[in-house]
1. Scan segment 116-136 residue by residue and report those that are aliphatic (A, V, I, L, M), over 21 Å from Lys17 (Cα atoms) and without any contact (Cβ under 8 Å) to a residue 40 or more places away in the chain.
2. Scan (1) over 18 Å from Tyr124 (Cα atoms); (2) surrounded by 11 or more Cβ atoms within 10 Å (Cβ to Cβ) for the single condition Asp18 breaks and write down its number.
3. Which one of the conditions (1) among the hydroxyl-bearing types (Ser, Thr, Tyr); (2) closer than 20 Å to Pro102 by Cβ; (3) without any contact (Cβ under 8 Å) to a residue 60 or more places away in the chain does Thr52 fail to meet, given that it meets all the rest?
4. When you go through (1) among the polar types (S, T, N, Q); (2) surrounded by 13 or more Cβ atoms within 10 Å (Cβ to Cβ); (3) under 24 Å from Asp34 (Cβ atoms) one by one for Thr107, which number turns out not to apply?
5. Quick one: count up the residues across segment 62-79 that are among the hydrophobic types (A, V, I, L, M, F, W, C) and modelled with pLDDT under 90.
6. Regarding Gly118, is this residue within 16 Å of the ligand (Cβ to nearest atom), surrounded by fewer than 14 Cβ atoms within 10 Å (Cβ to Cβ) and not hydrophobic (A, V, I, L, M, F, W, C)?
7. Considering only segment 79-115, state which residues are out of contact with any Lys or Arg (no Cβ under 9 Å at 6 or more places or on another chain), within 12 Å of the ligand (Cβ to nearest atom) and touching a residue at least 60 places away in the same chain (Cβ under 8 Å).
8. Hand me the list of helices (runs of 4 or more DSSP H) wholly inside segment 1-107 holding 1 or more residues that are of a type in the set (Ser, Thr, Tyr) and within 17 Å of the chain's Cα centre (by Cα).
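The values are calculated or read from the model by the stated rules, or taken from the named source; none is laboratory data. Since we're looking at a predicted model, the values are computed, not measured. Cβ atoms come from the backbone with ideal geometry, glycine included; neighbour counts cover every protein chain shown.
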Amino acid sequence: MDFLHRNGVLIIQHLQKDYRAYYDFLNFMSNVGDPRNIFSIYFPLWFQLNQTVGTKMIWVAVIGDWFNLIFKWVLFGHRPYWWVQETQIYQNHSSSCLEQFPTTCETGPGSPSGHAMGSSCVWYVMVTAALSRSVSPMDKFSVTRHRYAGGRGL
Ligand SMILES: O=P(O)(O)OC[C@H]1O[C@@H](O)[C@H](O)[C@@H](O)[C@@H]1O
C-alpha cells in the first residue's frame, strides 16, 4: 500500500506545482460537480426541465453515495494529507508537503474519494443530458431532409 500512497503523493505534488495556473478552473469544476449540490440545486432544477434527467440525478446521488460508503468500509484507506505525516518511509523528516483545501479537510477514510466519485457522476449526467439536447435537433433536421430528398426522388 505504501507504494500506492507514495505515487499518489507524487501525482498530487505534480498537479499542485505544475498545474497551478489552472487552479481556478479546476476548483470551479470541482465545486460545480460537488455532490451536495445535487439535492439543493441540480435535482429541483433538472426535474423542472426534464424529469428523466432529474430522476437520473437523484439516483446517481443515492447509488453513488451508497457504493462509496461500502467501498470506504472495505478499503478504509488513508488520506494522502495525513499519510505523509505518519509514514516512516521518508527519511530524515524529508516528508512531502501537500497543500490542503477546504474540500480536502475531511476526517473519514479517504479511499475511494466520495468527492471524485460523486463529481464524475454529476458531470456525466449533465454532459450526456446537454449532448442529447444538442444532438436531437440536428437528428430531426437530417431525418426531415432525408425524407424530403427521398420524396422528390433525389
Ligand atoms: O470522500 P471524500 O473525497 O473526502 O469526499 C467526501 C465529501 O465530498 C464532498 O463533495 C461532499 O460535499 C461532502 O459532503 C463529502 O463529505
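1. Once the filter is applied, which keeps residues that are aliphatic (A, V, I, L, M), over 21 Å from Lys17 (Cα atoms) and without any contact (Cβ under 8 Å) to a residue 40 or more places away in the chain, segment 116-136 yields Val127, Ala130, Leu131, Val135.
2. (2)
3. (2)
4. (2)
5. The first filter runs over segment 62-79 and keeps only residues among the hydrophobic types (A, V, I, L, M, F, W, C), leaving 62-63, 66-67, 69-71, 73-76.
Then keep just the ones that are modelled with pLDDT under 90; that gives 75-76.
Count: 2.
6. Numbers: within 16 Å of the ligand (Cβ to nearest atom): yes; surrounded by fewer than 14 Cβ atoms within 10 Å (Cβ to Cβ): no; not hydrophobic (A, V, I, L, M, F, W, C): yes.
The answer is no for Gly118.
7. If the condition is that a residue be out of contact with any Lys or Arg (no Cβ under 9 Å at 6 or more places or on another chain), within 12 Å of the ligand (Cβ to nearest atom) and touching a residue at least 60 places away in the same chain (Cβ under 8 Å), then Pro80, Phe101, Thr103, His115 are the ones that fit.
8. Numbers: elements: 2-18, 23-32, 43-49, 51-75, 80-86.
Hits in segment 1-107: 23-32.
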